[in-house]
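Written out below as structure tokens is the structure these notes cover.
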Amino acid sequence: MNTTVIQRIAQLRAEIERNNHAYYVLDAPSIPDAEYDKLFRELQTLETQNPELLTLDSPTQRVGGKVLDGFSPVRHTVPMLSIRTETDISDQGAINFDARVRRELGDPEAIIEYCCELKFDGLAINLRYEHGMLVQACTRGDGETGEDVTQNIRTIRSIPLRLFHCHAAVLEVRGEAYMSRRDFEVYNERQREKGLPALVNPRNGAAGSIRQLDSALAARRPLSFFAYGWGDIQGWTMPASHSAVLDEFDKMGLPVNADREVVNGTQGLVDFHRHIATMRDSLPFDIDGVVYKVNNLALQSRMGFVSREPRWAVAHKFPAEEQMTVVRDIDIQVGRTGKLTPVAKLEPVFVGGTTVSNATLHNEDETRRKDVRIGDTVIVRRAGDVIPEVVGVVLDHTSIRQGEQHRGEPFDLYQRLGGKCPVCGSSIVREEGEANWRCTGGLFCPAQRKEALLHFASRRALDIEGLGDKLVEQLVDLQLVKTPADLYHLNMPVLAGLERMGEKSANNLLEAITQSKQTSLARFIYALGIRNVGETTAKDLARHFGSLDNLLAADELRLQQVPDVGPIVAESIIAFLAEPHNREVITKLRSSGINWTEHAGEHGMILKLSGKTFVLTGTLPSMSREEAKAALEALGAKVAGSVSKKTDYVVAGAEAGSKLNKARELGVPVLDEQGLINLLDENGET
């Protein structure tokens with residue numbers, strides 16, 4: 001066997017695991033993703049070429065792919081016991097526990113040292129390491145017997161496959177598999193976009209992922225892990241305290257939550273509970289309380305257990321984040337981008353530390369899938385800063401209260417609104433494959449004003465420097481600007497009177513607004529904010545039609561003759577331009593003095609460089625890349641970002657790199673700046 005290969009494989013595994021630890025445990029990436037991918041691919045290649053060197057602790061073995069027939073039972077060597085819950089969520093809960101501990105130890109005046117931790121809302125897991133290598137993972141089950149979920153646990157990248165500096169014959173680590181709030185929201189949003197069921201909450205998401213028979217599917221649900229306890233231990237000398245054990249776990253590369261604290265006595269417990277309660281909403285994951293544990297392991301052993309619960313630990317809860325209530329009505333809100341969101345109006349209910357009377361239903365499909373109707377009893381969830389949402393209907397409560405036959409009608413958003421935006425009365429549309437209905441009155445709808453103005457003034461649109469979020473907020477809130485056309489009627493007295501807006505700033509803004517009147521057709525089209533029409537599509541439309549009137553008169557068939565404009569984009573343009581409110585604003589914008597150079601367009605006169613693709617690379621002596629790009633596009637050319645066989649010319653300046661080399665390899669003609677100028681002169685419009 002080639003010792004160089006063996007050494008390289010060992011080196012790659014160690015480096016990849018170090019980076020995994022830095023990324024997933026320390027939240028401090030040490031190398032770029034591309035470099036990590038390069039190392040990972042090299043290791044995969046070497047292991048494929050040398051299968052006899054593949055081991056279970058290799059980072060390549062994290063990727064799920066095995067479909068199980070079922071989970072095998074695993075009997076715990078040391079039972080996984082549950083912790084007693086203190087039902088009093090006030091300070092009294094901490095006071096009661098400390099008094100109970102002192103009473104059990106027979107010393108009412110003692111000041112006990114405690115290790116305080118967070119109570120994670122996930123799924124309890126037991127990890128078994130033998131001589132530092134992960135060999136098995138299982139669920140709590142009934143405390144005596146759990147299920148073997150090793151394949152799925154191996155997909156959690158924060159869990160080390162091999163521990164650092166640990167040679168214990170057996171070390172069982174216990175902790176919680178959980179799904180962060182951000183990962184939960186991102187996963188659910190992707191599911192909704194695909195029309196697939198969303199997860200109910202992060203806890204169920206974690207449990208469902210761990211108990212997924214197909215580990216490839218489990219791997220697609222992002223999970224994390226925190227260690228907080230232990231089971232069977234052989235061949236390792238335990239430290240004297242619970243907190244010291246957690247510190248040792250941390251050194252071994254196991255993820256241990258940093259928000260833990262060693263405190264003394266009753267006041268220490270009360271202070272910790274209060275402190276964590278204030279930061280609960282800002283945590284990146286769900287917790288439902290804190291856990292107090294007597295820190296001294298000798299005292300833990302002395303206190304023992306009662307009814308299969310440790311006397312030396314307790315969970316002190318926070319207010320519940322899920323509660324039942326009744327749906328009074330279903331409203332539809334219009335978002336900043338025109339998205340229509342059904343919102344349940346609720347009988348007020350105290351959940352997650354606050355009173356909730358509104359909860360999102362996300363979209364029509366989600367509302368129908370959950371079959372939420374007016375009058376139903378529902379479960380409402382609020383976690384952290386996440387908007388309260390309806391988790392599902394409690395049919396037995398609904399039926400008991402009003403009878404199944406008396407439930408409200410199934411939700412139908414279009415019918416409910418009569419096909420019109422509830423804010424501005426414009427038509428609403430739902431594109432094929434889209435989960436959301438949207439208002440088409442983008443330039444007119446009050447709900448979309450701020451977003452429409454910010455987009456209109458953005459650098460790649462009309463480029464009105466100085467018109468930012470704070471100023472737009474004031475202009476809209478004071479009803480000084482209702483559509484982008486109103487920007488061109490602002491004056492010095494009005495602007496100078498705004499908050500944090502002196503005469504100089506007002507003058508600069510007015511100058512920027514005046515300068516924005518001289519623009520290009522492509523920028524103007526992009527500035528309108530038509531859904532699915534980005535900067536590139538706007539340029540294609542301007543190049544093809546040449547004038548705004550040609551675009552306004554185009555039907556769906558004519559629009560689809562534009563390169564890269566398919567049915568969805570064409571439908572978006574037609575829906576936007578079919579709305580009278582939008583046409584009216586466009587007319588006002590043109591009458592305000594906004595102008596650009598027009599031509600007959602590709603569907604009339606063919607521009608000289610139409611169909612030609614250019615790539616710009618390096619620094620030109622006297623022309624910026626943006627200037628060169630604008631000059632080429634004005635003659636109908638397309639400026640691409642990469643070189644291919646379809647590239648017609650590469651324009652190369654100083655310090656041109658890989659693009660120039662690629663052009664030479666493919667035999668693509670290369671121009672310097674003078675060559676470009678000559679080409680532009682030869683093909684200029686006559």
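For the chain, the Kirkwood hydrodynamic radius from C-alpha pairs, put into Stokes-Einstein at 10 °C and a viscosity of 1.306 mPa s, yields a diffusion coefficient of 52 µm² per second. With contacts taken as Cα pairs under 8 Å at a separation of at least 6 residues, the chain carries a relative contact order of 9 percent. The long axis of helix 625-634 is offset from the longest Cα principal axis of the chain by roughly 50 degrees. A DSSP coil position with no more than 12 other Cβ atoms inside 10 Å describes the following trypsin sites (Lys or Arg not before Pro) in the range 156-197: LYS194.
Approximating the spin labels as points 7 Å out from Cα along Cα→Cβ, the GLU130-to-GLU556 distance works out to 6.5 nm. For the chain, leaving out every one of the chymotrypsin sites (Phe, Trp or Tyr not before Pro) that falls in a DSSP loop and has at most 16 other Cβ atoms within 10 Å, the longest unbroken run is 237-595.
Mind giving me the FRET efficiency for ALA654 and GLU627? R0 is 25 Å, r the Cβ-Cβ distance, nearest 0.05 is fine.
0.95
In summary, the lysines within cross-link reach of LYS194, defined as a Cα separation below 28 angstrom excluding same-chain residues under 8 places away, comprise LYS66, LYS339, LYS345, LYS370, LYS420. If the segment from GLU35 to THR355 were pulled out straight at 0.36 nm per residue, it would be longer than the present Cα-Cα gap by 110.4 nm. Taking 4.7 Å between beta carbons as the limit, the unpaired Cys residues of the chain are CYS115, CYS116, CYS138, CYS166. Taking amide hydrogens as placed 1.01 Å from N in the peptide plane, the amide H of ILE330 sits under 5 Å from those of LYS345, each at least 5 positions away in sequence or on another chain.
Based on the Cβ-Cβ distance of ASN683 and THR597, what FRET efficiency does E = 1/(1 + (r/R0)^6) give at R0 = 22 Å, to the nearest 0.05? All intermediate terms of the calculation are to be shown ahead of the outcome.
Details: r = 16 Å, r/R0 = 0.74.
Efficiency at R0 = 22 Å is approximately 0.85.
Which residues in the range 77-91 place their backbone N less than 20 Å from a point set 7 Å from the Cα of MET324 along the Cα-to-Cβ direction? Counting only backbone N, you get no residues. At full extension, ALA14 and GLU503 could sit 169.9 nm farther apart than now, given 0.36 nm per residue minus the alpha carbon distance.
To the nearest ten degrees, helix 33-49 and the longest principal axis of the Cα atoms of the chain are 70 degrees apart. Each distinct pair of alpha carbons in the range 631-686 adds a 1/r term; the inverse of their mean, the Kirkwood radius, is 12.0 Å. Compared with the dominant principal axis of the Cα atoms in the chain, helix 567-578 is inclined by about 70°.
Give the relative contact order (percent, whole number) for the range 508-568; include only Cα pairs under 8 Å separated by 6+ residues. Let's see the in-between values first.
Details: 34 pairs, mean separation 15.9, N = 61.
About 26 percent, as a whole number.
Within the range 111-156, the GluC sites (Glu not before Pro) that combine a DSSP coil assignment with at most 15 other C-beta atoms in a 10 angstrom radius are GLU144. Between THR55 and ASN491, the contour length at 0.36 nm per residue exceeds the Cα-Cα span by 149.7 nm. With the cut-off at under 15 Å, measuring from each backbone N in the range 151-186 to a point 7 Å along the Cα-to-Cβ line of ARG369 picks out 184-186. Among the GluC sites (Glu not before Pro) in the range 486-544, those placed in a DSSP loop whose Cβ has at most 10 other Cβ atoms within 10 Å are GLU499. Computed from the Kirkwood radius of its Cα pairs, the Stokes-Einstein diffusion coefficient for the range 154-287 at 4 °C and 1.567 mPa s stands at 76 µm²/s.
Dividing the summed -39500 (n - 2.57) terms of all DSSP H runs of n ≥ 4 by the residue count of the chain sets its mean residue ellipticity at 222 nm at -10500 deg cm²/dmol.
For LYS539, a cut-off of 25 angstrom between C-alpha atoms picks up these lysines, skipping any fewer than 8 places away in its own chain: LYS450, LYS517, LYS588, LYS608, LYS612, LYS629, LYS638, LYS645, LYS646, LYS659. Calculate, for ASP281 and ALA258, the FRET efficiency according to 1/(1 + (r/R0)^6) with r their C-beta to C-beta distance and R0 22 Å; round to the nearest 0.05. Here the calculated transfer efficiency is 0.80.
Taken together, the values in this text are just the output of simple stated rules run on the coordinates, not laboratory data. The structure presented is a predicted model; accordingly, all values stated were derived computationally and were not measured. Cβ atoms come from the backbone with ideal geometry, glycine included; neighbour counts cover every protein chain shown.
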